[in-house]
């Protein structure tokens, strides 16, 4: 993620913290300062916030290690002011595997809560209220840490995408029905809960409105993605590959790419060197090259070298997943060692719209 500082690697997974995290730290210090808290109180508040984000990191690491058990790699884990994000290469599609991966995160929080109990002397109800409203300090640090972990576990188990609970619900439903149907049911349940959060937010805590919108949009995105993948089942890459496409030689100047851009409807080009694909060149990359170095630079110097090749016989739903992850403008398609065409996300979506119109299945959510 752009604007992130790499902290290191754990189990081969890159760990990053986003620059906006510093804003949160500054806000905590400023809030404590305005409340005229002591230096000691400010330090305890900062320590508590950092411990929460360490907990969030362990939660995401739990997902990552569980996914690794099923040979699913995690690209990285990024800590944000609103929580953590583990970028898995894919979500397990077998119900039992998805259930294990989804429950791994909340299980970490429950485990931390159980360990924390050993350091807590449970106060009576009256002093408990005082401790929880007095701010974080040495006497109530572990009590607050325990409560936060229980809350994180319960919150993430809300049966709504993109929460872990939404994936748990889908995994359970998928044991008895098709995955895209289970996803649609789980998404609709999540959206109903999201509407409830928004409604309550107007009368209680406005933060619930933000959570409601987050859940609603996340549920819709998951349902759309899964529905699209289900409609691609039974097709292969060769069913949608484009055999007519624009190429440009890597040694050509950017000015040649500009002329091709202006003289054709093509916005993306496959870059060739000695009849071999070596990269792609998009309209955005051409414009960037013009603004930085002018049109005299070579295509090779400004092209996107992060090239992925797909096999013509690959199942189309798997290809779609790779395209979503790779976010490349064009992907070459090979049959053995021979280049037979190209594919991109737009062409797949056009293929879906045509098939949808032919079968009369109604409006496609894309």
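The values are calculated or read from the model by the stated rules, or taken from the named source; none is laboratory data. All values derive from a computational prediction rather than experimental measurement. Every residue, glycine as well, gets a Cβ built from its backbone with ideal geometry; the counts of neighbours run over all protein chains shown.
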- Note on the structure: Going through the range 20-52 in order, the residues found to be without any contact (Cβ under 8 Å) to a residue 24 or more places away in the chain, surrounded by 13 or more Cβ atoms within 10 Å (Cβ to Cβ) and either out of contact with any helix residue (DSSP H, G or I) (no Cβ under 9 Å at 6 or more places or on another chain) or assigned to a loop (DSSP other than H, G, I, E, B) (or both) are 43
- Take residue 217 and decide whether it is loosely packed, with under 15 Cβ neighbours inside 10 Å, assigned to a helix (DSSP H, G or I) and at pLDDT below 90. yes
- In the range 141-166, residue nearest to the chain's Cα centre (by Cα) [restricted to those that are in contact (Cβ under 8 Å) with a residue 60 or more places away in the chain and closer than 16 Å to residue 213 by Cα]: 162
- Query: Can you name the number of the only condition in (1) crowded, with 16+ Cβ neighbours inside 10 Å; (2) within 27 Å of residue 350 (Cβ to Cβ) that residue 263 fails?
  - Reply: (1)
- the range 98-114 - residue that is touching a residue at least 40 places away in the same chain (Cβ under 8 Å) and over 14 Å from residue 60 (Cα atoms) and, of those, farthest from the chain's Cα centre (by Cα): 113
- What is the one condition in (1) at pLDDT 85 or above; (2) in a helix (DSSP H, G or I); (3) over 24 Å from residue 157 (Cα atoms) that residue 193 does not satisfy? (3)
- Inspect all residues belonging to the range 147-164 and state whether any of them is at pLDDT 85 or above and closer than 16 Å to residue 91 by Cβ. yes
- Message: Looking at the range 173-184, can you tell me whether even one residue there is in contact (Cβ under 8 Å) with a residue 12 or more places away in the chain and not in a helix (DSSP H, G or I)?
- Response: yes
- Scanning the range 254-271 for residues that are over 32 Å from the mean Cα position of the chain (by Cα) and in contact (Cβ under 8 Å) with a residue 24 or more places away in the chain gives 254, 255, 256, 257, 258, 261
- Query: Which residue out of 106, 92 is at pLDDT 80 or above, under 22 Å from residue 164 (Cβ atoms) and in a loop (DSSP other than H, G, I, E, B)?
  - Reply: 92
